[in-house]
1. Quick check on my filter: what residues within region 51-90 are acidic (D, E) and either outside the structural domain of D9 (by TED's automatic domain parsing) or part of a helix (DSSP H, G or I) (or both)?
2. List the number of the failed condition for T133; all other conditions in (1) buried (at least 19 other Cβ atoms within 10 Å of the Cβ); (2) more than 16 Å from E50 (Cβ to Cβ); (3) touching a residue at least 60 places away in the same chain (Cβ under 8 Å) hold.
3. Since V14 meets every condition but one in (1) among the aliphatic types (A, V, I, L, M); (2) at pLDDT 95 or above; (3) more than 30 Å from A178 (Cα to Cα); (4) within 21 Å of the chain's Cα centre (by Cα), which condition does it not meet?
4. Where residues in region 1-47 are out of contact with any Phe, Trp or Tyr (no Cβ under 9 Å at 6 or more places or on another chain) and polar (S, T, N, Q), which of them is farthest from D60 (Cα to Cα)?
5. Which of the numbered conditions does I46 fail, given that it passes all the others? Conditions: (1) among the β-branched types (V, I, T); (2) in the same structural domain as I119 (by TED's automatic domain parsing); (3) touching a residue at least 40 places away in the same chain (Cβ under 8 Å).
6. Go through (1) buried (at least 19 other Cβ atoms within 10 Å of the Cβ); (2) farther than 19 Å from A168 by Cα; (3) β-branched (V, I, T) for T63 and report which single condition fails.
7. Does at least one position in region 89-99 carry a residue that is in contact with an Asp or Glu (Cβ under 9 Å, 6 or more places away or on another chain), closer than 23 Å to M208 by Cα and modelled with pLDDT of 95 or more?
Amino acid sequence: MKPSAVIFDLDGTVLDNEDEYGASFKKVLESLGAKDVSDFPHVRGIGVKENWPGLVEKYDIKTDKPSEVLARLTQEEYLKQIESVTIKDGLREFVDSLKEKGIKTALATSNDRWIVDKIFEKLRLDSFFDMVTTGEEARLKKPEPDLFLVTADKLGVTPSECLVIEDAASGIAAAHSAGMKAVGLAGEPERKKELKEADIIVEGYPEMFQKISSN
């Protein structure tokens, strides 16, 4: 598996930020009267706004606030914790190794451009990626393939030349629907089962490039 381009998801893949997003969803849910909210109430990978209809139903919330407003409240809570957000261990070295081999890099995230801009400013991620695609650029978000197809077009490569790195089942499904191979970044052994549809599953970036190059 030697791609012409590697496309990265952002949350949970480039960034160590799932705790922060979990806490943000939980804070807003509890402010709406939800009880017994788990530390990770949301579905990974589908977008903040897209999570809210399911959460309203799951926690039987009575609110007139539309999903757009609830998403904005969640993002505002997330930004309060932005100083705790870091990049994944080994990511910088992995990206450098891709660039040394002439492999293009891109970010494709369901998240909003204004949030991505703040993250890029804080963590200085501009040099990591040749191209960035955010949720506003796709008609449908993951698990639909739109984000990845838009990104491949912007990179000037065919979908079959792309490898996607994802930490969520929805992202793996989106990559396959787009005609791309997918690596599941589990982070920890117990999450590998969630990513079983991936072409390759790894726990972290230190082992990633060797596996990609040898397949």
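The values are calculated or read from the model by the stated rules, or taken from the named source; none is laboratory data. Note that the coordinates shown come from a computational prediction; the quantities given were computed from them, not determined experimentally. All Cβ positions, even for glycine, are placed from backbone atoms using ideal geometry, and neighbour counts span all protein chains on display.
1. Start the filter on region 51-90 by keeping residues that are acidic (D, E), which leaves 57, 60, 64, 68, 76-77, 83, 89.
Within region 51-90, E57, D60, D64, E68, E76, E77, E83 qualify.
2. Looking at each condition in turn, T133 falls short on (3).
3. (3)
4. Among those that are out of contact with any Phe, Trp or Tyr (no Cβ under 9 Å at 6 or more places or on another chain) and polar (S, T, N, Q), it is S4.
5. I46 satisfies all of (1) among the β-branched types (V, I, T); (2) in the same structural domain as I119 (by TED's automatic domain parsing); (3) touching a residue at least 40 places away in the same chain (Cβ under 8 Å) except (2).
6. All conditions pass for T63, except number (1).
7. no
Yes/no matrix, rows are residues, columns are (1) under 16 Å from A5 (Cβ atoms); (2) in contact (Cβ under 8 Å) with a residue 12 or more places away in the chain; (3) touching a Ser or Thr at 6+ places or on another chain (Cβ under 7 Å):
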{"site": "A108", "(1), (2), (3)": "yes, yes, yes"}
{"site": "S127", "(1), (2), (3)": "no, no, no"}
{"site": "P143", "(1), (2), (3)": "no, yes, yes"}
{"site": "P189", "(1), (2), (3)": "no, yes, no"}
{"site": "M208", "(1), (2), (3)": "yes, yes, no"}
